[in-house]
Amino acid sequence: MIVVTGASGFIGSNLVMELNRRGYTDIVAVDDYPWLRGRVRLHASCPEVRYSQWMRLTGCIDMHSLNEWLQSSGSLVSSVIHLGACSDTTASDREWIMENNLAYTQRLWQWCADSRRTFVYASSAATYGDGSQGYDDACSPSRYQPLNLYGESKHLFDLWARSQCKAPPRWAGLKYFNVYGPRENHKGRMASVVFHGYRQILETGFIRLFQSNQLNMADGDQKRDFVFVRDVVAATLHFAIDSVRYENGLYNVGTGRARSFNDLAKAIFSALGRAPRIEYIPMPQDLRGRYQSFTEAVLFKLREAGYTNVMTSLEDGVRDYVLNHLVQKALAA
């Protein structure tokens, strides 16, 4: 049995669907389900779970009931894939973020360590801060200074995990870079620029990008390591369920190649068969001083851990997402 937290979220729902495609159905989907508060529902029909029409599950558990359920009924669990977290980079409630993202993850780690179960969790490229110290997962994480509470909460857990004498037998913290792809529409402002850019094109004919806040950088030339969700899911399952040997620790999950937001915008227009039209707008006040202008994953450790899949190019990933998901959803509406 595989436990997946954040199972009705962006990466989680894609991961459960990939597990289903591979023949896994003995899955417990965990998320914030108010209708399940204080109860556990372990049977195949969970109609309230987002995307449930595509999911085949053992059942679902509200995130607040998971720890109790694991303590009493977790004997059949083989691995925990922990993707649930608040990923809002503008969140300001420190106490809530640290409980939700740090303390909750520590409790899951401790159960996996005590029960000798595999534990794979979502860290983030946000832990690297402004990038001045690089993006090398082989370096000590203590050198990095995150720019926001979300990144700090992930960073603090990475540090805590590395300091533990008692650990799960197999564990990996995966530093996801800028993930985009289907089933992110519920993320609102935190959804990818591909999602927002596509909608802006339909509504206005152009895409809005942030002006540069650096003197030596042109507008829209801020660069990120944009990684397709399909690659993120495959890398996550490599550590969680594939029969491979790897060194426990932190691993980057990106493409290893930074691309500009201008490149991303042009890829969306190209997928739609339109000439690029880009408008540059001032960066919102709440992002100034907390914005990563460059990210690029160092993938040496990931490759050393046996993950050899070729990462999807930006153009191919955007084309797939736009034509096979966003356009198809609009046509079906």
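The values are calculated or read from the model by the stated rules, or taken from the named source; none is laboratory data. Everything quoted here is computed from the prediction, not taken from an experiment. We place every Cβ from the backbone using ideal geometry, glycine too, and count neighbours over all the protein chains shown.
Listed conditions (1) closer than 27 Å to F210 by Cα; (2) without any contact (Cβ under 8 Å) to a residue 40 or more places away in the chain are all met by M311, apart from (2). Within segment 310-331, one or more residues are over 30 Å from A167 (Cα atoms), of a type in the set (K, R) and surrounded by fewer than 16 Cβ atoms within 10 Å (Cβ to Cβ).
Is one or more of the residues making up segment 268-291 touching a His at 6+ places or on another chain (Cβ under 8 Å) and crowded, with 16+ Cβ neighbours inside 10 Å? So that I can check it myself, show each step before the final result.
Of all residues in segment 268-291, those touching a His at 6+ places or on another chain (Cβ under 8 Å) come to none.
There is no residue in segment 268-291 that is touching a His at 6+ places or on another chain (Cβ under 8 Å) and crowded, with 16+ Cβ neighbours inside 10 Å.
Checking each residue in segment 179-231 for being surrounded by fewer than 19 Cβ atoms within 10 Å (Cβ to Cβ) and within 15 Å of S87 (Cβ to Cβ) picks out N185, H186, K187, G188, R189, M190, A191. Of all residues in segment 63-114, none satisfies the criterion of being surrounded by fewer than 16 Cβ atoms within 10 Å (Cβ to Cβ), in contact with a strand residue (DSSP E or B) (Cβ under 7 Å, 6 or more places away or on another chain) and either at positive phi or hydrophobic (A, V, I, L, M, F, W, C) (or both). Whether a residue is modelled with pLDDT under 95, touching a strand residue (DSSP E or B) at 6+ places or on another chain (Cβ under 7 Å) and either crowded, with 23+ Cβ neighbours inside 10 Å or in a strand (DSSP E or B) (or both) was assessed, and C60 passes this test.
In contact with a Ser or Thr (Cβ under 9 Å, 6 or more places away or on another chain), part of a strand (DSSP E or B) and of a type in the set (A, V, I, L, M): does that describe A172? So that I can check it myself, show each step before the final result.
Numbers: in contact with a Ser or Thr (Cβ under 9 Å, 6 or more places away or on another chain): yes; part of a strand (DSSP E or B): yes; of a type in the set (A, V, I, L, M): yes.
Yes, satisfied.
Of these, W171, W160, which one is among the aromatic types (F, W, Y) and either surrounded by fewer than 19 Cβ atoms within 10 Å (Cβ to Cβ) or modelled with pLDDT under 95 (or both)? Among W171, W160, only W160 is among the aromatic types (F, W, Y) and either surrounded by fewer than 19 Cβ atoms within 10 Å (Cβ to Cβ) or modelled with pLDDT under 95 (or both). Against the numbered list (1) part of a helix (DSSP H, G or I); (2) over 17 Å from P168 (Cβ atoms); (3) not aliphatic (A, V, I, L, M), Q110 comes up short only at (2). For segment 17-41, taking the residues that are closer than 22 Å to N100 by Cα and in a helix (DSSP H, G or I), the one that is modelled with the lowest pLDDT is identified as W35. Residues in segment 278-308 that are charged (D, E, K, R) and touching a residue at least 60 places away in the same chain (Cβ under 8 Å): E279, D286, R288, R290, E296, K301.
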